[in-house]
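Participant: Structure in structure tokens, see below.
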Amino acid sequence: MLRRRLLLSGGFDPRSLGSLVLWLDASDSSTLTFATGAKISQWADKSGNNNHFYQATGLRQPSYTATGINNKPSITFDGSLTYMTCDSSLITAKTNWTMLLAIKADSVFANTRYVFVCGDVGTGIGFSYNGNSVANPQKKEIYFAGLGFLADDSQTTNSEIWAINRNTTISSHFTNGVYQTTVDDNANPINTPINHTYIGGVGLTTNLFGGNISDVLVYNRYLSASEIFLLTTKLNNRKGVY
């Protein structure tokens, strides 16, 4: 309780809510390993779990941008080549978990783009854009094991904070702390991801994300809507995302 009161009193420390397994923060330059120029080869985890993201191949390294999201630092992915990998799936798909990230897309995508996925195509879970669905064209999605569940209304190039929380088979999506929708994947149970997590795309697929990401938080427990609102508000107060 003391740790939560400290968070509420004005400090922003995502570890205060417990069970944090990943914390990426582009504003903390000490977590970035630069390769050539603005390109980064590693984005280090601040959660204390050493779930670092890396990219050794120069052509596929994203870039640091000092003013990428509302004049604040971010990591920029080019939508055609760049992505990073962590050698952990971070969470077990069939248990409770929560993900949150600050994002700004370069454009409204005409085809599927993977933003942050724990696992691989067909087994992963996370955030994606769906640009080519007949029923739901150009929508944001909760990505489950090759299935895209509508997560929000139309895509946008505005900077936003997305979140998903999962409780048993029920997952809910939030944009800027506001509840959007709930999906039940019980009829199509998701797989347990293999030991990889990707940001900016899923391996060498062609469906890579183009835009900026400044922060990523992953918890291996279900965070309530009020906790998500708290985290979103604190992050926005610090970074001015939206």
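Participant: Using a basic spin-label model with each label point 7 Å from the Cα along Cα→Cβ, how many nm lie between ALA110 and SER226?
Facilitator: Once both label points are built, they end up 4.7 nm from each other.
Participant: Would you mind counting up the charge near THR85? Only other residues with Cβ under 12 Å from its Cβ, with Lys and Arg at +1 and Asp and Glu at -1. Don't skip to the end; give the middle numbers.
Facilitator: Details: positive: ARG60; negative: ASP87, ASP120.
Surrounding charge for THR85 is -1.
Participant: Also, I was wondering about something else. Add +1 for every Lys or Arg and -1 for every Asp or Glu among the other residues with Cβ under 13 Å from the Cβ of ALA44, and state the total. Intermediate values should be presented prior to the final figure.
Facilitator: On the way: positive: LYS46; negative: ASP25, ASP28, ASP45.
Taking every Cβ under 13 Å from that of ALA44, the sum is -2.
Participant: Here's a follow-up. Evaluate the distance, in nm, between pseudo-label points positioned 7 Å from the Cα of ASN158 and of SER27 along their respective Cα→Cβ axes.
Facilitator: 2.1 nm
Participant: For THR65 paired with PHE12, estimate the spin-label separation in nm (one decimal), with each label point 7 Å from Cα along the Cα-to-Cβ line.
Facilitator: Spacing of the two 7 Å Cα→Cβ label points: 1.8 nm.
Participant: If we count every other residue with Cβ under 12 angstrom of GLY210's Cβ, Lys/Arg +1 and Asp/Glu -1, where does the sum land?
Facilitator: Working: positive: LYS104, ARG113; negative: ASP78, ASP106.
That sum, taken over residues with Cβ under 12 Å, equals 0.
Every read-out reported here was derived from the displayed coordinates using simple, explicitly stated rules and does not represent laboratory data. Bear in mind that the values here come from a model prediction, so they are computed numbers and not experimental data. Every residue, glycine as well, gets a Cβ built from its backbone with ideal geometry; the counts of neighbours run over all protein chains shown.
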